[in-house]
Every structure is written in C-alpha cells, then in structure tokens.
1. Suppose only helical runs count, i.e. DSSP H with n ≥ 4. What mean residue ellipticity at 222 nm does that imply for the chain under -39500 (n - 2.57) per run, divided by all residues and rounded to the nearest 500 deg cm²/dmol?
2. Per residue, what volume in Å³ does the convex hull of the Cα atoms of the chain enclose?
3. Semi-axes of the stretch 76-214's equivalent ellipsoid from the Cα gyration tensor, sqrt of 5 times each eigenvalue, largest first, rounded to whole Å?
4. What is the packing order of peptides 13-19, 106-112, taking the mean over residues of other C-beta atoms within 10 Å and listing the highest first?
5. Express in nm, to one decimal, how much length is gained between Arg207 and Arg66 on full extension, taking 0.36 nm for each residue of separation and deducting their alpha carbon distance.
6. By how many degrees, 0 to 90 and rounded to 10, does the Cα axis of helix 121-141 deviate from the longest principal axis of the chain?
7. Kindly express, to the nearest 10 degrees and within the range 0 to 90, the angle between helix 76-100's C-alpha long axis and the longest C-alpha principal axis of the chain.
Amino acid sequence: MAHLSATSATVEAYARLKNMILTNELSPGVELREGGLADATGYGRTPVREALQRLVHEGFVEVRPRQGYRVRQLSVAGVRDLFEMRLILEPAAVQLAIERATDAELATLSALAHATYGVDRPSYEQFLIDNREIHVRIAEVSGNARLADSLRILLEEMQRLYFVTLGSRAAVGEQLHEHHDLFDAMVERAAATARGLVVDQIESSRRQVIDALLGGAAGLSPGVDQLILFGSSR
C-alpha cells in the first residue's frame, strides 16, 4: 500500500507540474527547487523529484549542474523544429486516418471538431487541450500507435508554446472553423483537401508564434514571484 501511495503521489505531482508548465504558470526559464515545489504543491520532495526527472526526460525541464532544475527556455530555432515536425507528422496522420479508419472511428472526432468555447481563460485552456486531442485522435484512428505517441508529446509542447507566445489572443474562432472543415474533408475521404487544410493551419500558427517571439511578446523571462517561490537558493 505504501508503494502504491508513493506511486500515486508521483503521478499526481507529475500531472500537476506538467500542467503548470503547459499553461505557462511556470514560465520558460523559471528555476525549480524541489523544496519550493514540494511546499507550493503539497507533495513531498520524493514525488516532486521523480516528477521532475520524468519532465526532464520529456524535454520540458532541464537539469542545471549544481543549480537544480529549470523550465526549458524557448528559442526561435526550437520553435522552427517543432513546426517542421508537425508539418512532417500531421499530414501523414491525416492521410493514414482517411485510408484506414472506419466511418465509425472518424465519427468519434465530431464532438471535438464541433466543440464551442467561451472567451475566458478556462475556456481557452480547454480549447488548447481539445485542439491537441483532436490531432492526436486522428493519429490514433490511423492505426499507428507510435505516430500517435509522437504527436501527443509534440503537441503538448505546442500547447505550452501557444500559452507563452499568444495567450488567449489566438484566433480561436478561426481554428474552430478549420476543425470543422478538416472533419468534413476526412468524412468525405478527401485526402488532398484534408492534408492541405492541416498544412495551412500549421503554417498560419507558425507565422503567429514567430511574430510573437520576434516581437518580444513571448514573456521568456520568469516573473519575480516565480523566482522567489520556485527558484530561491536554500
């Protein structure tokens, strides 16, 4: 039972810290101290340490020798790499899904494709989660589990990127329209149209994000309150 409890605490700490990173509550560059995080989240040092190690493995956190951990910074080169990977993986996922998925499997995408959202931050957070999930779900119905796993990790990083660079200023309405069109094209088995829609959406997002980065709107430096809470020396 003790082992199960410890495992559960680690899983919960991992989920909490990862969500804080994905929603920019922990900004790029923020130093992370095990003690500060344990106090702030209510989890012990061991679950927090194990959660941080998992986040290091996934690329969201980096280890700084003799200094502890830090939320991985964003860079224009890193953003370029993310979008290039999306341009490689997502059109392929759409193509395979159209070729392999049954009508019933494609129909399961409808709820995500036609969801509606408010203008408040919680609604925007839910939109980004659902936006990630519809693309992962497309990869899942393609029948390629490795592709789906790779896209999930990639799109989690994209979710963080949107929060950091765009906040709630992203054109949610435009992206919802793109989801509708993509769903319709997939149901109609119009592969060329569906691939084109995905490429256009990725390119549009890339322009918005790069403009925000180059314009200094990304907020790459951690806030003072975060440095005090999570990055103070002990």
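Readers should treat all values here as calculations from the given coordinates under stated rules, not as data from a laboratory. The model shown is predicted, which means the values in this text are computed figures rather than measured ones. For neighbour counting, all protein chains shown are included, and Cβ atoms are generated from backbone atoms with ideal geometry for every residue, glycine included.
1. Estimated from H runs of four or more residues: -23000 deg cm²/dmol.
2. Per-residue hull volume (Cα only) is 140 Å³.
3. Semi-axis lengths for the stretch 76-214 are 23, 17, 13 Å.
4. Answer by packing, highest mean first, reads 13-19, 106-112.
5. Result for the pair: 47.0 nm of gain on full extension.
6. The answer is roughly 60 degrees.
7. The angle comes out near 40 degrees.
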